[in-house]
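Reviewing the structure listed below.
The values are calculated or read from the model by the stated rules, or taken from the named source; none is laboratory data. In this text, all values refer to a predicted model and were calculated from it rather than measured experimentally. Note: ideal-geometry Cβ built from the backbone for every residue, glycine included; neighbour counts use all protein chains shown.
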């Protein structure tokens with residue numbers, strides 16, 4: 001079944017790609033669809049080709065339904081397998097080897113009262129039989145017996161939370177000191193010039209300032225009972241994963257929005273010297289490109305990432321020409337998340353209406369002093385209460401080495 005489901009998924013993907021290609025081939029310069037020039041559709045007339053297009057739509061709908069049903073069946077089989085693994089055999093009470101169950105007719109036929117009634121040849125007007133083996137007992141039902149047993153699947157329906165969005169685009173460079181100390185060149189003047197024989201050499205000028213970025217601690221904790229840790233197998237892994245993720249999620253926010261006031265890291269938007277480009281009356285595309293130019297020319301850097309809030313990216317993705325054509329691609333197309341060749345990181349950690357263009361790879365770095373460590377211990381009276389506290393923490397610094405290598409775009 002799994003192989004068949006994979007085949008259907010591949011077939012669905014192929015048909016979706018075919019449909020997208022047909023739409024692309026059929027669109028004319030005015031942004032309208034002209035199926036008569038589409039060779040991938042059967043038929044000669046426009047009406048016939050439209051019917052062929054609609055038939056393909058129906059095939060896609062049917063195939064998508066089959067794929068969905070196949071996955072549902074697959075889940076059902078997985079749940080059934082879990083149930084079978086946890087089902088215990090039911091055994092009834094032991095019975096004598098010579099035990100034989102008798103029907104009501106047998107019990108009546110073998111009774112002495114019935115035999116006497118037969119011998120009387122009608123003189124006896126009736127008979128009574130005590131069916132001792134069939135006496136009424138209390139009904140064995142759910143209330144008096146076992147309640148149906150349902151085995152938990154083990155799946156957790158996760159609460160929606162913001163994923164880690166920025167850290168993966170920033171170099172991570174471990175350090176072994178409580179601070180990142182570096183020299184920033186604040187002035188660099190090259191005076192090299194042509195010199196006549198016997199003339200004075202031109203003079204350069206350089207100025208450097210020592211900068212320091214303090215390692216900060218990001219952590220979280222959770223109290224938990226001994227029973228939960230000992231009796232529920234997945235609790236330890238669940239808590240460990242959640243605590244670690246929470247620390248990384250907070251660090252992901254700090255590298256953009258941290259204000260630099262202890263114990264916060266100093267995020268990019270709080271760094272003195274980053275550039276700004278106001279959108280004003282420019283289209284968003286123009287404003288973004290002007291920010292790229294500032295990073296390239298003034299910052300002398302190579303911009304490699306654009307960060308945008310999901311709502312701001314939506315406005316870019318849905319941009320259309322005056323006659324209704326989507327500039328960033330048809331709705332049927334996945335559409336690349338790029339602008340001017342740079343990847344767009346869609347992240348709701350950044351403030352809406354503000355975009356960020358920068359050289360993240362060359363002029364910023366996340367410096368972990370110690371990776372995320374999960375530890376356990378006792379707080380106050382937890383030892384006598386049968387509790388303990390799990391904590392996760394990371395020590396790290398974040399540095400923007402060249403502020404002018406970053407530029408915000410406001411008002412987008």
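Among the numbered criteria (1) assigned to a strand (DSSP E or B); (2) touching a helix residue (DSSP H, G or I) at 6+ places or on another chain (Cβ under 9 Å); (3) under 27 Å from residue 182 (Cβ atoms); (4) at pLDDT 95 or above, which one does residue 372 miss?
The failed condition is (4).
Any residue at all in region 179-188 that's part of a loop (DSSP other than H, G, I, E, B), surrounded by 11 or more Cβ atoms within 10 Å (Cβ to Cβ) and outside the structural domain of residue 305 (by TED's automatic domain parsing)?
No, because not a single residue in region 179-188 is part of a loop (DSSP other than H, G, I, E, B), surrounded by 11 or more Cβ atoms within 10 Å (Cβ to Cβ) and outside the structural domain of residue 305 (by TED's automatic domain parsing).
Sort through 370, 402 and tell me the only one that's outside the structural domain of residue 185 (by TED's automatic domain parsing) and buried (at least 18 other Cβ atoms within 10 Å of the Cβ).
402
Can you tell me which residue in region 272-309 is farthest from the chain's Cα centre (by Cα), limited to those that are at pLDDT 90 or above, over 24 Å from residue 401 (Cβ atoms) and in a loop (DSSP other than H, G, I, E, B)?
Restricting to residues being at pLDDT 90 or above, over 24 Å from residue 401 (Cβ atoms) and in a loop (DSSP other than H, G, I, E, B), the top hit is 280.
Which of the following residues is under 25 Å from the mean Cα position of the chain (by Cα) and part of a strand (DSSP E or B): 219, 246?
219 is the lone residue from the list that is under 25 Å from the mean Cα position of the chain (by Cα) and part of a strand (DSSP E or B).
May I ask you to list the residues in region 222-243 that are assigned to a strand (DSSP E or B) and surrounded by 15 or more Cβ atoms within 10 Å (Cβ to Cβ)? If you could, list the steps in order and put the result at the bottom.
Filtering region 222-243 down to residues assigned to a strand (DSSP E or B) leaves 222-225.
Correct list: 224 only.
When you look at residue 234, is it farther than 28 Å from residue 382 by Cα and in contact (Cβ under 8 Å) with a residue 60 or more places away in the chain, yes or no?
Spelling it out, it is not the case that residue 234 is farther than 28 Å from residue 382 by Cα and in contact (Cβ under 8 Å) with a residue 60 or more places away in the chain.
Any residue in region 283-301 that is surrounded by fewer than 17 Cβ atoms within 10 Å (Cβ to Cβ), in the same structural domain as residue 257 (by TED's automatic domain parsing), farther than 19 Å from residue 352 by Cα and in contact with a helix residue (DSSP H, G or I) (Cβ under 6 Å, 6 or more places away or on another chain)?
Yes - at least one qualifying residue is present in region 283-301.
Condition (residue is over 22 Å from residue 299 (Cα atoms), touching a residue at least 12 places away in the same chain (Cβ under 8 Å) and more than 32 Å from the chain's Cα centre (by Cα)) applied to region 196-212: is it met by at least one residue?
yes
What residue, of 353, 362, is in contact (Cβ under 8 Å) with a residue 60 or more places away in the chain and either surrounded by fewer than 19 Cβ atoms within 10 Å (Cβ to Cβ) or over 25 Å from residue 254 (Cβ atoms) (or both)?
Step by step, each of 353, 362 is checked, and only 362 is in contact (Cβ under 8 Å) with a residue 60 or more places away in the chain and either surrounded by fewer than 19 Cβ atoms within 10 Å (Cβ to Cβ) or over 25 Å from residue 254 (Cβ atoms) (or both).
Which ones in region 341-352 are touching a strand residue (DSSP E or B) at 6+ places or on another chain (Cβ under 7 Å) and in a loop (DSSP other than H, G, I, E, B)?
Across region 341-352, the qualifying residues are 347, 350.
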